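The values are calculated or read from the model by the stated rules, or taken from the named source; none is laboratory data. Not measured: the values here are computed from a predicted model. Quick note on the areas: whole protein, heavy atoms, side chains included, nothing else; ligands and nucleic acids left out. Shrake-Rupley method; radii C 1.70, N 1.55, O 1.52, S 1.80 Å.
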Amino acid sequence: MVTDSSSSEPTYHVLVADDEPHIGRIIKMKLEQGPFRVTLAYDGREALDVLRRDSDVDLVLLDLMMPHLSGLDVLAAMKADDRLHDLPSIILTAAGQEQQHHRALELGASEFLTKPFSPKKLYARAAELVGIGGEESGADAS
């Protein structure tokens, strides 16, 4: 969490890793309606690079199926790293991947959302995971 110098409101840094640029943009637009700053990564390797470089990430959203490293690979690497171990994570996936759902929860994912997902629900869950109330921070905006 970082306090924005232009206001007294804290901002929460969210890493969104999804190889579909339009999904990343939708998530970014929704989260930035509230106190979130979003960094986009388009594959698992890039996501890990961001996590290792930026110590201020508060929440990670991972698509399961990405080039180079899957969302599960990134999640496993996070859980093996003392600095990233407790970072909350939301796994995003296409329908019908029950085995991956189970594995993501075993690895410690905070939430598992199936595409297509409700941006409003995603926002509310992201707000909850970083410790803020969803309704006062833009979750009711479509």
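With all protein chains in place and ligands, DNA and RNA left out, the 1.4 Å accessible area ranks VAL130, VAL16 as VAL130, VAL16, largest first. Of PHE117, PHE36, the order by accessible heavy-atom surface (1.4 Å probe, DNA, RNA and ligands excluded), from most exposed downward, is PHE117, PHE36. Within the chain, antiparallel bridges make up roughly 10 percent of the DSSP beta bridges whose residues both belong there. Rolling a 1.4 Å probe over the protein heavy atoms gives the chain an accessible area of 50 Å² per residue. What part of the accessible area of the chain, given as a whole %, is carbon or sulfur when the probe is 1.4 angstrom? Roughly 51 percent, rounded to a whole number. The gain in end-to-end length when the SER55 to GLU106 segment is fully stretched comes to 15.9 nm, 0.36 nm per residue minus the alpha carbon separation. Using C-alpha pairs under 8 Å with a sequence gap of at least 6, the mean separation divided by the residue count of region 19-125 gives a relative contact order of 24 percent. Each of HIS13, HIS85, HIS102 has its accessible area taken with a 1.4 Å probe; listed largest first, they run HIS102, HIS85, HIS13. If you take percent of Cα pairs over 23 Å apart from the coordinates, which of (i) 32; (ii) 28; (iii) 46 do you get? Calculated percent of Cα pairs over 23 Å apart: the matching label is (ii). The slack between MET65 and GLU20, meaning 0.36 nm per residue of separation minus the straight C-alpha distance, is 15.2 nm.
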